[in-house]
Amino acid sequence: MSRTSKLAELRAKTDRQLVGIINQQLEFALYLARMAEDTNSSGDFDSARADRFRAEKTYTDVAQLLSKVDDLDERQRLEHKLSRLGGVLAVAEACSSAVS
């Protein structure tokens with residue numbers, strides 16, 4: 001196996017791992033954002049604020065990492081999921097503002 005093909009193979013593996021990490025982070029942030037909605041509506045404002053903050057930080061981190069994903073289909077899929085997270089965060093923020 002040539003050195004170039006070995007490097008290409010390693011790069012492909014790294015790209016797959018990056019996609020997996022980003023996907024897991026988005027899933028967890030979506031969970032946190034939904035939890036923020038639920039805990040806010042139940043009156044646990046401190047927990048809701050902490051969950052929303054962690055989800056917002058993940059949103060920012062993932063938005064920066066997406067440009068590193070070379071596979072266009074994967075990037076678009078992750079961008080769509082990031083957009084969904086943004087929508088859930090907007091709802092969580094609106095719920096928080098309505099209660100405050």
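Going through region 35-84, which GluC sites (Glu not before Pro) have at most 14 other Cβ atoms within 10 Å and a DSSP loop state? Please list the in-between numbers first.
On the way: sites: Glu37, Glu56, Glu74, Glu79; in loops: none.
Here no GluC sites (Glu not before Pro) fit, given the DSSP loop and packing criteria.
For the options Arg34, Arg49, Arg11, a Gaussian network treatment of the chain with springs between C-alpha atoms closer than 10 Å singles out Arg11 as fluctuating the most.
For Ser67, what charge total do you get from the other residues with a beta carbon under 14 Å from its beta carbon, if Lys and Arg give +1 and Asp and Glu give -1? Residues near Ser67 contribute -4 overall. Counting only residues at least eight positions apart within a chain, or on another chain, the lysines with an alpha carbon under 17 Å from that of Lys81 are Lys57, Lys68.
If you stretched the chain out fully between Asp44 and Tyr31, how much longer would it get, using 0.36 nm times the residue separation minus the C-alpha to C-alpha distance? Please report the intermediate quantities before stating the final value.
Working: separation 13, 0.36 × 13 = 4.68 nm, distance 1.65 nm.
Using 0.36 nm per residue and subtracting the Cα-Cα distance, I get 3.0 nm.
Shown in residue order for region 63-78 are the 3J(HN,Hα) couplings computed by the Karplus curve 6.51 cos²θ - 1.76 cosθ + 1.60 at θ = phi - 60°: 4, 6, 6, 4, 5, 7, 7, 7, 6, 4, 4, 5, 4, 5, 4, 5 Hz (x for Gly and Pro). Pick from Thr58, Thr14, Thr39 the residue whose mean-square fluctuation is largest in a GNM of the chain, springs joining Cα atoms under 10 Å. Fluctuation is largest for Thr14. What is the calculated FRET efficiency for Glu9 to Asp70, with r their C-beta to C-beta distance and R₀ = 22 Å, to the nearest 0.05? Result of the calculation: an efficiency of 0.95. A straight chain from Ala94 to Ile21 at 0.36 nm per residue would run longer than the Cα-Cα distance by 23.4 nm.
Neighbour counts of C-beta atoms inside 10 Å place Ser42, Ser2 in the sequence Ser2, Ser42, starting with the fewest.
The mean of 1/r over all pairs of different alpha-carbon atoms in region 3-99, once inverted, gives a Kirkwood hydrodynamic radius of 14.4 Å. Between the alpha-carbon centres of region 32-49 and region 61-82 there is a gap of 27 Å.
FYI, it's all coordinate maths here, none of it is from the lab. Worth saying up front: this structure is predicted, and the values here are computed from it rather than measured. Ideal geometry is used to build each Cβ from the backbone, glycine not excepted, and the neighbour counts take in all protein chains shown.
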